[in-house]
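Please treat every number below as a calculation from the coordinates, not as lab data. All of these numbers come straight from a predicted model, not from anything done at the bench. As a convention, Cβ positions derive from the backbone with ideal geometry for all residues, glycine included, and neighbour counts pool all protein chains shown.
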Amino acid sequence: AERADVIMDFTNVPVGTEIVLMNMGPDEPFGGGVPGVAFEPADPASTGQVMQFRVKGAEVTDNTTPPMDLVLPTVLALGPPDVTRAVSLNEEESLSVRVSEVNGGLVEDCAGEIFGPTAALLGTLVEPDPTNHPGKLGRVWMAPITENPALNNPALNSTEVWEIHNFTADAHPIHVHQVKFEVVNREAAGAVRPPEPWETGPKDTVISYPDEITRVKMHFDLPGYYVWHCHIVEHEDNEMMRPFFVGGIPDGPQP
């Protein structure tokens with residue numbers, strides 16, 4: 001779900017060497033995403049292999065800048081937010097299939113007390129309502145737009161903090177189109193922790209862990225329709241994607 005700009009120096013690698021970039025993570029998406037929890041790694045003979053490098057002799061002079069001498073552009077921090085939004089990651093529960101926990105696993109059980117999920121949805125945080133899941137409201141793709149940055153700002157210079165509340169049992173890589181953002185912090189059970197060391201630069205995707213609030217800060221300056229979604233294909237194709245609009249929506253408050 002993410003991209004990385006990586007500098008690889010093969011200067012001291014013997015000609016003819018073959019190097020394989022391996023996936024050391026699991027085949028399943030995140031396996032719940034709980035740091036430190038054991039998982040089954042990807043198959044090193046198939047899905048664990050990402051790409052191969054074959055080192056050949058240099059036919060031209062290497063004029064590239066050594067990595068330690070590179071000067072990268074300065075990234076300016078975003079200012080205070082104009083708006084703070086509380087959005088949510090939700091699961092819809094089945095009304096017919098129940099599951100119960102047996103030996104650490106979930107199995108179907110008509111007498112069980114836990115409903116199994118049928119779909120994941122994006123939504124907003126709302127006041128507890130007995131007609132909805134307490135504190136959250138999932139919305140399908142066709143529901144009216146609820147995220148409308150720079151609605152009343154003709155200059156289209158709106159900085160927002162989105163607080164992503166994850167009410168599901170899974171980790172979700174959340175991707176926001178049109179912007180790059182700062183990861184502000186994460187909060188679990190009232191304890192706030194800073195971004196991970198690899199999250200201190202501009203991002204457009206962030207992992208939201210279960211039962212946590214993930215905060216990101218974004219600057220919106222391009223008008224039009226865009227989307228935000230989970231970057232797990234099965235999720236984004238099954239309603240875990242929502243449109244948003246930057247600026248005043250033409251001909252009314254909704255598309």
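Packing order of peptides 62-69, 180-187, highest average first: 180-187, 62-69 (average count of other Cβ atoms within 10 Å over each peptide's residues). In order along region 158-170, the Karplus-derived 3J(HN,Hα) couplings, from 6.51 cos²θ - 1.76 cosθ + 1.60 at θ = phi - 60°, round to 10, 9, 10, 9, 9, 9, 8, 8, 9, 9, 9, 8, 10 Hz, and Gly and Pro are given as x.
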